[in-house]
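Here the structure comes first, spelled out in structure tokens, and everything after it is commentary.
The values are calculated or read from the model by the stated rules, or taken from the named source; none is laboratory data. Note that this is a predicted model, so its numbers are computed, not measured. Heads up, the Cβs are rebuilt from the backbone with ideal geometry, glycines too, and the neighbour counts pull from every protein chain shown.
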Amino acid sequence: TNHFTFDPGFMSTAACESKITYIDGDKGILLHRGYPIEQLAQHSDYLEVCYLLLNGELPSAREKAQFVDIIKNHTMVHEQLKSFFNGFRRDAHPMAVMCGVVGALSAFYHDSLDITKPRHREVSAMRLIAKMPTIAAMAYKYSLGEPMMYPRNNLSYAENFLHMMFGSPCEPDKPINPVLARAIDRIFILHADHEQNASTSTVRLAGSSGANPFACIAAGIAALWGPAHGGANEAVLNMLEEIGSVEHIERFIAKAKDPNDPFRLMGFGHRVYKSFDPRAQVMKRTCDAVLTELGIDDPQLELAVRLEEIALADPYFKERNLYPNVDFYSGIILKAIGIPTSMFTVIFALARTVGWISHWQEMLSAPYKIGRPRQLYTGSALRDFVPLERRN
Ligand code: CMC
């Protein structure tokens, strides 16, 4: 007997109300608090978008300066947190490190455990936004065996991230390329929120039990890791590597179309966008700017562009509304900047942290219930226990 709506994959279930992000997948529209993503990517910066997502309005000049100041106050991590990195193999996947270290923050900030107080929730949100770049860069430096870099608060959020990733104590004032910093800032903006995707829903579900915000964000990072979600940008580069050159594209397109072959074109298709992904369009322009700046004639970009052309002209992809998504181009930008593939999903996690924490805050700021889906049971009917000696 079916008392429940059966909706595997939540294709048609709205699990909450939200005022944060609006998506019209058929028209390719993405709005944060009403503002189109294209305008935010063009005219705003990541910390301003963070303020907007968290608070609902764009900040005044004074509010913005205050917000940036608070974030800068929290960019360092507890010295003891460094010991956590030493527990990992140097060749550990940095997402494995992120799941552990971000979850471990709850061991450092005891006020985060009492989520009933709004000021505790607020300071946890600020700590997360401020510390994610530091922790992400520490994971990278640890993998290289290089000294971890302290944040520099005279830099912007994106510049500081590049400083901690690529800086060295021998050259503490090495200038940061502004075109690359702007590109990283755009990548952060374009990944900042995307309503109830798998990782955000995970954060809400974990949060609905009253778990602390660092534990909830660690759960979000875990959900993001998969190749069908945040792992896609890494998978795009691995796929381009596997395809190798333009003459092999047709063979891989055929594999992607074969219903008996699990291979899919990574960076193509989206659960919600069925005409185009507005983020992918901005990303493509940013990608061009970065490659022009660096003067890189990247054969992988040429391969990506040809792949896109061939796929878009193919009826299989047209009929199923499969278009390049945000991850298709972000991978190429990150590669050009010199960021290794294994860090791509970490950067997605860093940028999405504000979305996760905004949804968590929104949920906790109004009456809510613990998330508890039901199921359609398809197992055995009632039966009697069989003692071991009578089982065959
Ligand atoms: N390549 C080839 N065929 C595909 C692809 C693809 N990338 N995506 C979907 N299809 C086919 C699929 O085989 C199915 O065909 P048929 O109807 O003949 O069985 C049809 O299109 C519908 O696919 P679906 O799996 O039912 O669609 P979904 O909404 O459940 O999946 C998706 C969405 C993003 C998981 C999927 O398109 C996919 O696996 N894409 C590749 C991975 C990727 O790029 N993910 C990043 C998503 S955007 C960033 C993020 O949210 O993190």
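So A41 passes all but one of these: (1) surrounded by fewer than 18 Cβ atoms within 10 Å (Cβ to Cβ); (2) among the aliphatic types (A, V, I, L, M); (3) farther than 24 Å from S365 by Cα. Which condition number does it fail? The single condition A41 does not satisfy is (1). When you check S143 against the structure, is it surrounded by fewer than 21 Cβ atoms within 10 Å (Cβ to Cβ), in contact with a Pro (Cβ under 9 Å, 6 or more places away or on another chain) and either farther than 21 Å from M95 by Cα or polar (S, T, N, Q) (or both), yes or no? So S143 passes the test. Scanning the range 62-75 finds no residues that are assigned to a loop (DSSP other than H, G, I, E, B), farther than 22 Å from A215 by Cα and among the acidic types (D, E).
Residues checked against (1) more than 20 Å from the chain's Cα centre (by Cα); (2) of a type in the set (D, E, K, R); (3) assigned to a strand (DSSP E or B):
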{"site": "E17", "(1), (2), (3)": "yes, yes, no"}
{"site": "Y22", "(1), (2), (3)": "no, no, yes"}
{"site": "E38", "(1), (2), (3)": "no, yes, no"}
{"site": "E48", "(1), (2), (3)": "no, yes, no"}
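What number of residues within the range 330-380 are more than 24 Å from L128 (Cβ to Cβ) and of a type in the set (F, W, Y)? The qualifying residues number 1.
When S83 is tested against (1) touching a Leu at 6+ places or on another chain (Cβ under 6 Å); (2) surrounded by fewer than 17 Cβ atoms within 10 Å (Cβ to Cβ), exactly one condition is not met: (1).
The set of residues in the range 248-286 being closer than 15 Å to N238 by Cα, surrounded by fewer than 16 Cβ atoms within 10 Å (Cβ to Cβ) and basic (K, R) is empty.
When residues in the range 1-54 are screened for being under 30 Å from T378 (Cβ atoms) and assigned by TED's automatic domain parsing to the domain that holds A198, 0 of them pass.
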